[in-house]
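The values are calculated or read from the model by the stated rules, or taken from the named source; none is laboratory data. Note that this is a predicted model, so its numbers are computed, not measured. Cβ: placed from backbone, ideal geometry, glycine included. Neighbour counts: every protein chain shown.
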């Protein structure tokens, strides 16, 4: 008897960091599909203001959160996706990088939606985050040492504390500021 085909959806984000908005989308997708592909975009970018966390750190945040919620390991797969600075080839790169999937879940990224619509080969599912959270704001709050409960799942908070995320972000901010000062 042939193996049953797995019904998958891909959900792409940079997850810098993985926050409650991202989690709410995944929680919505899990009962509708056999497997959710959590596609970590810009996996080759890290230690910048926009991308302070490595792909390994982001993978750990996703896994720790879903493990904490007792999501079975076969229900999700984390897939790193390197950037490709070519819109014409990006969807093909995305599809080739991931295991076969039927649909792509898109929240608030008009560029990704436009590229998948233009490609026309995958079903697009428009999802809404239950929480309107800006990862940029979250990164600023991490650097300030703020209470992150309203933004982040507890396993992500614990992970960020363990890796000294506040110090890492402050260091990046200071490096950027120092690089912008003209030396006479």
Of the residues in region 132-149 that are touching a residue at least 40 places away in the same chain (Cβ under 8 Å) and surrounded by 14 or more Cβ atoms within 10 Å (Cβ to Cβ), the one that is nearest to the chain's Cα centre (by Cα) is 135
Given the criterion touching a strand residue (DSSP E or B) at 6+ places or on another chain (Cβ under 7 Å) and either surrounded by 14 or more Cβ atoms within 10 Å (Cβ to Cβ) or within 19 Å of residue 43 (Cβ to Cβ) (or both), identify the matching residue among 103, 60. 103
Tell me which residues, restricted to region 3-33, are in a loop (DSSP other than H, G, I, E, B), farther than 19 Å from residue 112 by Cα and in contact with a strand residue (DSSP E or B) (Cβ under 7 Å, 6 or more places away or on another chain). 6, 33
Filter result for residue 77 (touching a strand residue (DSSP E or B) at 6+ places or on another chain (Cβ under 8 Å) and not in a helix (DSSP H, G or I)): yes
Members of region 151-184 found to be at pLDDT 95 or above, surrounded by fewer than 13 Cβ atoms within 10 Å (Cβ to Cβ) and in a loop (DSSP other than H, G, I, E, B), listed by number: 164
Residues 118, 128, 96: which one is in a helix (DSSP H, G or I), in contact with a helix residue (DSSP H, G or I) (Cβ under 9 Å, 6 or more places away or on another chain) and surrounded by fewer than 16 Cβ atoms within 10 Å (Cβ to Cβ)? 118
Can you tell which of 62, 36 is closer than 22 Å to residue 143 by Cα and within 16 Å of the chain's Cα centre (by Cα)? 62
Could you please find all residues in region 113-145 being in contact with a strand residue (DSSP E or B) (Cβ under 9 Å, 6 or more places away or on another chain), over 18 Å from residue 173 (Cα atoms) and modelled with pLDDT of 90 or more? 113, 116, 117, 122, 123, 124, 125
